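The values are calculated or read from the model by the stated rules, or taken from the named source; none is laboratory data. Computed from a prediction, not measured in an experiment: that's the story for all the values here. No Cβ is skipped: glycine too gets one built from the backbone with ideal geometry, and neighbour counts run over all protein chains shown.
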Number of protein chains: 2
Amino acid sequence: MSLRHAMLGLLAEEPASGYDLLRRFEVSLANVWPATQSQVYGELAKLSADGHVTVSAEGPRGRKEYAITEAGREELRHWLLEERPRRRRDDLMLRVFFLGTVSPAEARAFLERGVQRMDALEEGLRAVERDTDWNDGDLAVNGRLVLEWGLRFAAMHREWAEWAATQLPSGDR
Amino acid sequence: MSLRHAMLGLLAEEPASGYDLLRRFEVSLANVWPATQSQVYGELAKLSADGHVTVSAEGPRGRKEYAITEAGREELRHWLLEERPRRRRDDLMLRVFFLGTVSPAEARAFLERGVQRMDALEEGLRAVERDTDWNDGDLAVNGRLVLEWGLRFAAMHREWAEWAATQLPSGDR
DNA sequence: TCCTGACATTCCAATAGTGACAGGTCGAAA
DNA sequence: TTTCGACCTGTCACTATTGGAATGTCAGGA
């Protein structure tokens, strides 16, 4: 149920069309909550039916601009403050859990790829940091917090992977 | 598609029934890849249809014990080494992203709850650490790696939350 | 003027995950 | 001997997520 809230959050800043939202998902939310076209448009229809958003304007090319309603803001607020975070699933740790089923050399290579992926993530985040105008309202302030979390996450994961490599049985099986 | 691999991974160690798997999901995989009953039994049927597992024994109470097949091991190996990790979704960071829509005081309280949640997570992991027999084959070795990751994650998040609180605008809006 | 690329929406089929329900069996303790 | 708790399997309906296809419109450059 978080997609709808992500959309409400974006609409809380300013009205937008489905297309606009999609772009925003690609740019600022890509690392946090990816969403596809079909999801965005589908959810927009539901939000509209539930009265959380309304069509605030219609433009060329059939463009419909949606704005958040008071009910939508309440829903957003409720989710933000009251709802419990979901249980997280972690693909990567699941694999690590079963790393014993491959050879130590393969396991080491696996961890090495993890380090590289974190390097790439960090690079990507640094690029976002560079390319963003950080003087641009609430989203900027909080975007920075999220960005910093990502950087810390990448650093943590990289250090862990390096440590983990030392814990693997030596030699090949 | 990771549920099936988690199950294959567990079955790679030793044959088990759906019920057994379910318990293992509750205990060792709870923080990594939660799964429900309906998912486990459903997936077991699919895995069986795909030839990745076979019924290796039938016990009392209709118990069916499943064992991984050679094809299943290959599938597991392929997933482990070749498949790309999924994009992660993060509920929590999504909320942080929209933290500007509530008052600074509420935001601070939100971050504070995050710290507490991490404390609880760490405590839970420490309990697992205490209660587990770490001399028990591959899963133990790798379980430790995962556990350590969890501890580092909790520490990272806590420190981040404390830092983030200092970044929030002061006073109430 | 024509073409292209960005803008914009909608529908569809398939897989994954949640939560509740339903039903049944065995072992051991009271 | 009864009954209770652990054991054990399954189904259903719903929601979420993925990925792709189909369709059409407008603005601006060649």
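Can you list the helices (runs of 4 or more DSSP H) lying wholly within the range A:51-152 that have 2 or more residues being over 28 Å from residue B:30 (Cα atoms)?
Filter on the range A:51-152 gives A:70-81, A:104-131.
Restricting the search to the range B:99-109, which residues are more than 7 Å from chain A (Cβ to nearest Cβ) and either under 12 Å from residue B:169 (Cα atoms) or hydroxyl-bearing (Ser, Thr, Tyr) (or both)?
B:103, B:104, B:105, B:107, B:108
Listed here are the residues, each with its yes/no results for (1) at pLDDT 90 or above; (2) surrounded by fewer than 19 Cβ atoms within 10 Å (Cβ to Cβ).
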| site | (1), (2) |
| --- | --- |
| A:5 | yes, no |
| A:20 | yes, yes |
| A:26 | no, yes |
| A:35 | yes, no |
| A:41 | yes, yes |
| A:45 | yes, yes |
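Suppose we filter B:144, B:130, B:152, B:126 for residues that are modelled with pLDDT under 90 and of a type in the set (Lys, Arg); which single one remains?
Checking each option against the conditions leaves just B:130.
Based on what the data block shows, is residue B:63 of a type in the set (Lys, Arg) and more than 11 Å from DNA strand C (Cβ to nearest atom)?
no
Report yes if residue A:91 is touching a Pro at 6+ places or on another chain (Cβ under 7 Å) and within 16 Å of DNA strand C (Cβ to nearest atom), otherwise no.
yes
So in the range A:56-77, with the set limited to residues that are among the hydrophobic types (A, V, I, L, M, F, W, C) and either more than 16 Å from DNA strand D (Cβ to nearest atom) or surrounded by fewer than 13 Cβ atoms within 10 Å (Cβ to Cβ) (or both), which one is farthest from the other protein chains (Cβ to nearest Cβ)?
Only one residue fits best here, namely A:57.
Counting only residues that are touching a residue at least 40 places away in the same chain (Cβ under 8 Å), buried (at least 20 other Cβ atoms within 10 Å of the Cβ) and facing another protein chain (nearest Cβ under 7 Å), how many does the range A:78-98 have?
2
Scan the range B:1-55 residue by residue and report those that are of a type outside the set (A, V, I, L, M, F, W, C), more than 15 Å from DNA strand C (Cβ to nearest atom) and facing chain A (nearest Cβ under 10 Å).
B:13, B:28 - these are the residues of the range B:1-55 that are of a type outside the set (A, V, I, L, M, F, W, C), more than 15 Å from DNA strand C (Cβ to nearest atom) and facing chain A (nearest Cβ under 10 Å).
So if I check each of B:117, B:95, B:89, B:84, which one is under 20 Å from the mean Cα position of the chain (by Cα), farther than 27 Å from residue A:107 by Cα and among the basic types (Lys, Arg)?
B:117
Do we have any residue at all in the range B:10-22 that's near DNA strand D (Cβ under 8 Å from one of its atoms), closer than 20 Å to residue A:90 by Cβ and of a type outside the set (Gly, Ala, Ser)?
yes
Do we find that residue B:82 is within 16 Å of DNA strand D (Cβ to nearest atom) and closer than 27 Å to residue A:99 by Cα in this structure?
When the stated conditions are applied, residue B:82 passes them.
Matching residues to (1) exposed (fewer than 13 other Cβ atoms within 10 Å of the Cβ); (2) in contact with a helix residue (DSSP H, G or I) (Cβ under 9 Å, 6 or more places away or on another chain); (3) within 11 Å of chain B (Cβ to nearest Cβ):
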| position | (1), (2), (3) |
| --- | --- |
| A:116 | yes, no, no |
| A:127 | yes, no, no |
| A:135 | yes, no, no |
| A:147 | no, yes, yes |
| A:160 | no, yes, yes |
| A:170 | yes, yes, no |
